[in-house]
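S.K.: This is the structure I want to talk about, given as structure tokens.
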Amino acid sequence: MSRPLEPVSRGVVVSTFLLSLVGLGISGYLTFTHFEGTRYLACSTSGILNCSTVTTSPESYFLGVPVAVLGLVGYVVMVALNSPWGWRSAQRIVHVARVVLVTGSMAFVLWLITAELLYINHICEWCSGVHLVTFILFVIMARVAPRQFGWGSGAQ
């Protein structure tokens with residue numbers, strides 16, 4: 001039988017939910033501009049900062065699916081998992097899914113940053129916003145998950 005989950009602070013619930021909504025908003029905007037055209041991108045087009053170049057590059061697809069769509073779907077799920085209702089869920093799988101999703105998302109972000117810097121040679125400000133939100137969520141999860149799941153030296 002698995003040990004009951006430790007509750008997390010209200011600050012964790014509120015911050016992860018708000019961050020997930022921000023990630024959803026930016027991902028939604030990037031998905032919109034992917035399908036409607038880069039003329040709707042509000043960002044720099046000179047120097048290393050160039051969203052248009054990044055979002056239309058071959059690396060903006062993963063297995064034939066636009067990366068923006070993957071981000072949108074990921075953040076729809078993340079909003080649900082990080083909602084106050086998600087955090088209160090008695091179902092352990094919800095809490096495990098949250099950690100797995102943010103860890104997988106962070107790994108994907110590392111690949112995307114590598115692609116921007118080494119292959120595309122440009123950086124997208126909006127993409128960087130999603131990357132930053134994902135990183136902050138990852139750090140929060142890395143801090144709360146061990147205690148929540150009873151892992152580590154304090155576990156009995």
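Read-outs: derived from the displayed coordinates by stated rules, not from any lab. Note that the coordinates shown come from a computational prediction; the quantities given were computed from them, not determined experimentally. Cβ coordinates were reconstructed from backbone atoms using ideal geometry, including for glycine residues, and neighbour counts include every protein chain displayed.
S.K.: Of these, Ile123, Ile140, Ile136, which one is buried (at least 18 other Cβ atoms within 10 Å of the Cβ) and more than 18 Å from Tyr61 (Cα to Cα)?
M.R.: Ile140
S.K.: Can we say Met141 is assigned to a helix (DSSP H, G or I), touching a residue at least 40 places away in the same chain (Cβ under 8 Å) and either among the basic types (Lys, Arg) or in contact with a helix residue (DSSP H, G or I) (Cβ under 7 Å, 6 or more places away or on another chain) (or both)? Lay out the reasoning, then the answer.
M.R.: Values: assigned to a helix (DSSP H, G or I): yes; touching a residue at least 40 places away in the same chain (Cβ under 8 Å): yes; either among the basic types (Lys, Arg) or in contact with a helix residue (DSSP H, G or I) (Cβ under 7 Å, 6 or more places away or on another chain) (or both): yes.
For Met141, the condition - assigned to a helix (DSSP H, G or I), touching a residue at least 40 places away in the same chain (Cβ under 8 Å) and either among the basic types (Lys, Arg) or in contact with a helix residue (DSSP H, G or I) (Cβ under 7 Å, 6 or more places away or on another chain) (or both) - is met.
S.K.: Now, a different point. Of the numbered conditions (1) part of a loop (DSSP other than H, G, I, E, B); (2) in contact (Cβ under 8 Å) with a residue 12 or more places away in the chain; (3) farther than 30 Å from Arg147 by Cβ, Gly47 satisfies every one except a single condition; which is it?
M.R.: Of (1) part of a loop (DSSP other than H, G, I, E, B); (2) in contact (Cβ under 8 Å) with a residue 12 or more places away in the chain; (3) farther than 30 Å from Arg147 by Cβ, only one is false for Gly47: (2).
S.K.: Quick one: which residue in Arg10, Arg92 is of a type in the set (D, E, K, R) and without any contact (Cβ under 8 Å) to a residue 40 or more places away in the chain?
M.R.: Answer to the check: Arg10.
S.K.: Continuing with the same structure: Just checking, how many residues over segment 126-149 are touching a Gly at 6+ places or on another chain (Cβ under 6 Å) and farther than 16 Å from Ser20 by Cβ?
M.R.: Within segment 126-149, residues that are touching a Gly at 6+ places or on another chain (Cβ under 6 Å) and farther than 16 Å from Ser20 by Cβ number 1.
S.K.: Would you point out the residue of segment 10-32, among those that are within 17 Å of His131 (Cβ to Cβ) and polar (S, T, N, Q), that is farthest from the chain's Cα centre (by Cα)?
M.R.: Thr31
S.K.: Search segment 68-120 for residues being crowded, with 18+ Cβ neighbours inside 10 Å and aromatic (Phe, Trp, Tyr), and hand back the single one that is farthest from Gly11 (Cα to Cα).
M.R.: Applying the filter and picking the extreme gives Tyr75.
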